[in-house]
Amino acid sequence: MNPFTILAPPLGQLLALLYNVWPSNYGVAIIFLTLIVMILLFPLTLKQTRSMKAMQDIQPEIKKLQKEHKDDREEMNKQMMALYSERGVNPAAGCLPLVVQMPIWFALFRVLRVGPSAEDPTVLDPSDIIPADSKLAEALLEGKTQFLGMDMLQSPSSAASEGLVGAIPEITLVLLVVATGFYQSVQMTRRRKNDSNQQESKQAQQMQTVAKVMPLFLGFISWGFPTGLVLYFAVSNLFRIGQQAVIFRLDEGGDDSGTQAKASEAPPDQPTSAGPSPNASKKRNRRRRK
């Protein structure tokens, strides 16, 4: 069996189980499947987000090393690796969730293409992914794959070929995939934009370029994928946006609390500007009585 599609039967069985929980709604079952996959991948997403955030934090130091050792590339790489080790940053960690998700995407591509066979409409093609005795298999054979006016087995391009007006839901879903992808990259770099002195290394600029191109690429391939898979992309993007927001809030909240705690600590002999002390007022009153 192809290693990239070995997950197809387990995902197909899980999708059939979720369809039993919420019968007669194929799209809702896909959404539940997406949420389960995203929750299982959360540890990797957490590592990716924190690694990318840490890479942004050390950009000024990386830029400084590049200027100091611009004529000695070997020494520059050595110093940068030492900096990564000191700060606990792994540049490759940002790609880990993407690598792990690729087999899931290939498997889902097979799962969400399961439908009646062209040669024999009474059997599924392929027939080894969705359990034949499940309610989902029955629904697929009967063509009950609609969700919000979209056929989950049909691609947006196929829907558009039948008429642009009828394909508005599919086109909107593809645009949602692109928009949420762009927002993820903006969300990742937005907190650094207010720092006018921030200088980014060439590596960071290349990563940002890739982050901007990927949503367009994902939208392009979504145009020819089954709409069920496009729904997976859109829901996973929305879920990841929420994840990143929570991670940033937790991490930055911990930093802010530590800063506030330090700011609240004042030296015991530090003078204040709150006005004369009560003891000084009492001494003046005594002098006046005398």
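No value in this document is a laboratory result; all are computed from the given coordinates. Here the structure is a predicted model, which means the values were calculated and not measured. Neighbour counts are summed over all protein chains in view; Cβ atoms, including those assigned to glycine, are modelled from backbone coordinates with ideal geometry.
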Subject >> Förster radius 25 Å - calculated FRET efficiency between Lys135 and Ser161, Cβ distance, rounded to 0.05 >> reply: 0.20
Original post:
If contacts are Cα pairs under 8 angstrom and at least 6 residues apart, what is the relative contact order of the stretch 1-139 in percent?
Top reply: 41
Original post:
Which whole-number percent gives the relative contact order of the stretch 95-166, counting Cα pairs below 8 Å spaced six or more residues apart?
Top reply: 21
Subject >> Set Lys64/Lys212; Lys53/Lys78; Lys78/Lys212; Lys63/Lys212 screened for pairs whose C-alpha atoms are more than 24 Å apart >> reply: Lys64/Lys212; Lys78/Lys212
Subject >> Chain lengthening between Asp251 and Ile171 when straightened (0.36 nm per residue, less Cα-Cα) >> reply: 25.1 nm
Original post:
On full extension of the chain, what length is gained from Met81 through Val123, given 0.36 nm per residue of separation minus the C-alpha to C-alpha distance?
Top reply: 9.5 nm
Subject >> Cα-Cα pairs of the stretch 1-155 separated by more than 22 Å (percent) >> reply: 56
